[in-house]
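Below: the structure, in structure tokens.
Quick note: the coordinates plus some simple rules give every number you see, no bench work behind them. In this text, all values refer to a predicted model and were calculated from it rather than measured experimentally. Note: ideal-geometry Cβ built from the backbone for every residue, glycine included; neighbour counts use all protein chains shown.
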Amino acid sequence: MTDALVVRDLTIRFGGLVAVDSISFAVAPGETFGVIGPNGAGKTTLLNAISGLLRLHAGTVEVEGRPVHGKRPDQLARLGVGRSFQAAEVFNDFVVTDYLSLGRLAQQRASVLAAALRFPSVRRADRADTRAARDLLARFDLEAIAGERLKELPYGLRKLVDLLRAWFGRPRQLLLDEPTSGTAVADRQLLRQILDEVRADGVSIVVVDHDVQFVSDRCDRLLVMNFGTELATGDPAEVLDRADVRAAYVGLEAG
Ligand SMILES: Nc1ncnc2c1ncn2[C@@H]1O[C@H](COP(=O)(O)OP(=O)(O)O)[C@@H](O)[C@H]1O
Ligand SMILES: [Mg+2]
């Protein structure tokens, strides 16, 4: 079976700093692949590079056997690669259902995202998308927020809505950066629920998070990064049991 995502020898430098140093891994279809590592390890940079936000200094990225390095984020979206963002302020005035629909529109037309920001009229999603967006919210008992503006929602909920926006775009690969950060306990429960459904949908997930417990619970395999390099890759329990992995973490709890 063709891998969903293959990263080979990916390297990103910022001046003299090698933020990502020749990282390689492959994600199988439907697999949830976690990336952990201390602050500054290069996790976000790796995700940004895969999703086309950064130019690679070396290496390749393939999605379902097709080279995608050098492609823009909107091109990647149309190839099935979705990602969540930290709640972006420019979308704060969006109503939740319109914001979800943006996930689907952006996948269809590259210009929509830009247009949506410039022309308020574009913000009105079409009715079918709005209905589907409401249905998606209802699956998680979130109908009540369908008509709310993003800025009216607590931060954690806004992040969950952004995850739903990414999923609404029908990705085959989904890249998530720190989904648990800033989320309350109740949001965590909802986050698990949403990710369960995304996974059951057969979507391959790459998830970066600082919550080692959360990531190891959810992931089929883990990549541990440290100073841009690969420290270990493999079964979460085995990887977390390694002395060098433990040493890389200050505050990684035993067990
Ligand atoms: N745009 C940038 N310019 C310069 N250095 C950066 C930039 N983004 C990240 N870095 C540096 O690259 C390293 C990796 O950062 P990052 O990928 O954000 O780590 P993580 O997400 O694992 O905490 C850090 O040393 C960080 O300071
Ligand atoms: Mg980060």
Inset, instruction - Can you put Arg127, Arg242, Arg199, Arg218 in order of Cβ neighbours within 10 angstrom, beginning with the fewest? - result: Arg127, Arg242, Arg199, Arg218
Legend entry - Computed E for Asp217/Thr2 - FRET, C-beta separation, R0 25 angstrom, nearest 0.05: 0.35
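If you take the square roots of the eigenvalues of the alpha-carbon gyration tensor of the chain and sort them as a ≥ b ≥ c, do you get rounded (a/c under 1.5), prolate (a/b over b/c) or oblate?
It comes out prolate by the Cα gyration axes.
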Legend entry - Net dipole in debye of the stretch 165-235 [+1 Lys, Arg Cβ; -1 Asp, Glu Cβ; about Cα centre; nearest 20]: 260
Inset, instruction - Compute the acute angle (0 to 90°) between the alpha-carbon long axis of helix 155-168 and the principal axis of greatest extent of the alpha-carbon atoms of the chain; round to the nearest 10°. - result: 80
Inset, instruction - Calculate, in nm to one decimal, what Arg134 and Arg78 gain on full extension: separation in residues at 0.36 nm each, minus their alpha carbon distance. - result: 17.9 nm
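Within a 10 angstrom radius of the beta carbon, how do Phe94, Phe168, Phe140 rank from fewest other beta carbons to most?
Placing the least packed residue first, the sequence is Phe140, Phe94, Phe168.
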Inset, instruction - Taking 7 Å along the Cα-to-C-beta vector as the label spot, tell me the Ala28-Ala184 distance in nanometres, rounded to one decimal. - result: 3.9
Inset, instruction - Compute the signed sum of charges (Lys and Arg +1, Asp and Glu -1) over the other residues within less than 12 Å, Cβ to Cβ, of Arg55. - result: +3
Legend entry - Inter-site label distance for Ala200 and Arg246 at 7 Å from Cα along Cβ, in nm: 3.7
Legend entry - Computed over the chain: relative contact order in percent, which uses C-alpha pairs under 8 Å that are six or more apart: 28
Legend entry - Simple spin-label estimate for His210 and Glu152 in nanometres, 7 Å along Cα-Cβ: 3.1
Legend entry - Dipole moment magnitude, nearest 20 debye, the stretch 1-75 about Cα centre, only Lys, Arg, Asp, Glu C-beta charged: 280
Legend entry - Debye, to nearest 20: dipole size of the chain, +1 on Lys, Arg Cβ, -1 on Asp, Glu Cβ: 1120
Legend entry - In degrees, nearest ten, helix 185-200 long axis to first principal axis of the chain (Cα): 90
Inset, instruction - Give the order of Asp129, Asp98 when sorted by the count of other beta carbons within 10 angstrom, beginning with the fewest. - result: Asp129, Asp98
